[in-house]
Amino acid sequence: MQIHFPSSFLWGAALSSYQAEGGNSNCDWALWEKERGLEQSLKACDHYNRYKEDFSLAKELNLGAIRFSIEWARCWRTASDCDESSYKHYHSVIKTLHSFGIKPIVTLHHFTNPTWFINRGGWEKPSNVDLFLKYLSHTVRLFRSEVDTWLILNEPSVYLYNGYISGIWPPGEKSISTAKKVLANMMSAYSTGFQEIKHIYRNSKTKVQVSLAKNLRHFVPAPKGIRLLNGVSASVRSHIFNYSILDSLAKKRQMDFLGINYYCREYDQFKGLLGKELTDVEGGGRKNYLGWYVDERSFYKLLKSLKRYRLPIIITENGTAEGDEQYYEDYLMSHLTSLAQAINDHVDIRGYLWWSLLDNFEWDKGFGPRFGLIHVDYQTMQRKIRDFAYKYAKIARENTLEMFE
Ligand code: BGC
């Protein structure tokens with residue numbers, strides 16, 4: 001069966017500055033990699049110097065939107081020094097996208113923070129929220145006439161969990177009470193930032209769209225142990241991790257659309273109400289290169305659950321890293337089939353961005369996992385479009401999908 005997507009549907013891909021640009025030495029992640037002896041991002045994919053080539057490949061793939069982030073630490077070398085040449089660079093990035101007819105979707109915070117911000121206590125201090133807002137306001141004013149879609153934060157719950165609960169990301173804390181403070185400060189930055197962006201565009205002809213990119217997982221009870229209790233943990237985790245931020249922002253009417261990042265299903269076992277994730281489940285299904293359970297039906301179910309917000313949805317990230325090339329196409333086609341089914345069931349989805357345009361630096365996992373539509377040879381920095389990306393390009397061009405059985 002053939003499915004036609006709405007005529008204005010956005011097909012695209014996403015990137016983040018730290019993971020792709022290279023040369024970002026002024027932020028907490030660069031320091032963390034050195035201190036922990038992790039693989040270092042260094043030149044990453046050298047996207048900072050090669051963005052024109054990269055966007056021309058995106059054009060070749062018929063992409064109509066690119067989501068990228070601005071690196072706060074690059075643009076503000078200290079709390080009071082704004083670096084004009086870095087802003088000039090991003091001007092040129094946006095201009096290049098427009099010249100290819102590609103819509104820029106811009107993220108303001110994608111996990112990294114300037115070291116000077118961290119030295120002042122980072123997100124733990126309520127008074128530091130203004131430092132982020134200063135950057136936000138300056139940036140949005142500069143690009144007001146060229147950008148109409150902003151994502152203030154990327155995945156605050158992932159940032160919080162990895163940085164303040166499991167401690168595998170900077171600042172490496174393991175404290176629920178600190179995590180709560182950080183969450184409150186980030187959400188206050190979001191809310192004030194949302195109003196500030198609306199204020200900046202108040203006299204503009206452009207209708208600005210503001211949101212965040214929210215990671216959703218499908219939490220399911222593990223088949224081992226007492227299923228009913230596992231189910232309790234799965235729904236507690238689902239409420240906390242998936243819906244609590246969305247519920248509160250929806251109540252305040254502070255999202256113009258839902259930005260959704262989806263990758264996988266998670267199995268949970270009861271261990272106190274919060275339970276714990278089981279990473280090895282007999283009969284649990286296929287795992288990708290990172291050991292994540294691939295499940296397109298979970299994607300469909302989550303999309304259906306979002307109907308209650310009555311907001312348009314953009315899939316701001318969906319993708320996989322695979323050891324075996326053939327699985328990229330399976331993942332893409334099966335997830336797009338779920339997406340099409342959700343649209344058929346009246347879920348208002350306006351766009352889909354594959355993570356990622358390029359293979360890139362996968363945080364604590366280094367350069368091993370490859371998510372790109374475009375393969376990057378990290379020695380020569382040569383780019384090569386993957387086979388499955390040509391399928392994606394065809395879907396984007398025809399705006400039609402042959403459903404995957
Ligand atoms: C993040 C990306 C990351 C991707 C794959 C998302 O959680 O926004 O930065 O690379 O997932 O792990």
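The values are calculated or read from the model by the stated rules, or taken from the named source; none is laboratory data. Keep in mind that what you see is a predicted model, and the values were worked out from it rather than measured. We place every Cβ from the backbone using ideal geometry, glycine too, and count neighbours over all the protein chains shown.
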Those residues of segment 251-260 that are surrounded by fewer than 21 Cβ atoms within 10 Å (Cβ to Cβ) and within 20 Å of T107 (Cβ to Cβ) come to a total of 3
Given the condition touching a Ser or Thr at 6+ places or on another chain (Cβ under 6 Å) and over 29 Å from S238 (Cβ atoms), answer yes or no: does some residue in segment 323-331 qualify?
no
Qualifying residue in segment 340-363 (condition: over 21 Å from the mean Cα position of the chain (by Cα), closer than 24 Å to S41 by Cα and either crowded, with 17+ Cβ neighbours inside 10 Å or hydroxyl-bearing (S, T, Y) (or both)):
no
Starting from residues that are within 26 Å of L153 (Cβ to Cβ) and assigned to a loop (DSSP other than H, G, I, E, B), keep the ones in segment 257-274 and report whichever is farthest from the ligand (Cβ to nearest atom).
L274
Matching residues, segment 99-110, being under 20 Å from E71 (Cα atoms) and either more than 16 Å from the ligand (Cβ to nearest atom) or modelled with pLDDT under 95 (or both)
K103, P104
Give me the pairs, please: first residue somewhere in segment 94-122 and on the phi > 0 side of the Ramachandran plot, second residue anywhere and part of a loop (DSSP other than H, G, I, E, B) and not β-branched (V, I, T), beta-carbon distance under 7 Å, and either six or more positions apart or on two chains.
G122/N113; G122/P171
What's the total number of residues in segment 307-332 that are farther than 23 Å from I102 by Cα and part of a helix (DSSP H, G or I)?
9
All-but-one check, I314 against (1) surrounded by fewer than 19 Cβ atoms within 10 Å (Cβ to Cβ); (2) touching a Gly at 6+ places or on another chain (Cβ under 7 Å), failing number (1)
Would a scan of segment 277-285 turn up a residue that is among the aliphatic types (A, V, I, L, M) and part of a loop (DSSP other than H, G, I, E, B)?
yes
Select the helices (runs of 4 or more DSSP H) contained entirely in segment 115-184, then report the ones holding at least 2 residues which are within 16 Å of the ligand (Cβ to nearest atom) and of a type in the set (A, V, I, L, M, F, W, C).
156-160
Pairs with Cβ under 8 Å, 6+ apart, first in segment 8-28 and in contact (Cβ under 8 Å) with a residue 60 or more places away in the chain and away from the ligand (no atom under 16 Å from the Cβ), second part of a strand (DSSP E or B) and small (G, A, S)
F9/G351; L10/A65; L10/G351; W11/A65; W11/G351
Quick check, is I105 in a helix (DSSP H, G or I), of a type in the set (A, V, I, L, M) and surrounded by 18 or more Cβ atoms within 10 Å (Cβ to Cβ)?
no
Restricting the search to segment 213-256, which residues are small (G, A, S), in a loop (DSSP other than H, G, I, E, B) and in contact with a helix residue (DSSP H, G or I) (Cβ under 6 Å, 6 or more places away or on another chain)?
A222
Segment 287-316 residues that are farther than 29 Å from W363 by Cα, paired with ones that are assigned to a loop (DSSP other than H, G, I, E, B) and among the acidic types (D, E) (beta carbon under 7 Å, 6 or more apart)
K304/D345; P312/D348
Which numbered condition in (1) within 16 Å of the ligand (Cβ to nearest atom); (2) among the small types (G, A, S); (3) over 24 Å from F194 (Cβ atoms) is the only one that S86 fails?
(1)
Restricting the first residue to segment 152-180 and requiring it to be free of Cβ contacts under 8 Å to residues at least 12 places away in the same chain, which pairs with a second residue that is away from the ligand (no atom under 14 Å from the Cβ) and acidic (D, E) meet a Cβ separation below 7 Å and a spacing of at least six or different chains?
G167/E173
Examine segment 340-354 for a residue that is within 19 Å of H110 (Cβ to Cβ), within 16 Å of the ligand (Cβ to nearest atom) and assigned to a loop (DSSP other than H, G, I, E, B), and state whether such a residue exists.
no
Restricting segment 286-304 to residues that are under 22 Å from G368 (Cα atoms) and either part of a helix (DSSP H, G or I) or basic (K, R) (or both), the residue that is nearest to the chain's Cα centre (by Cα):
K287
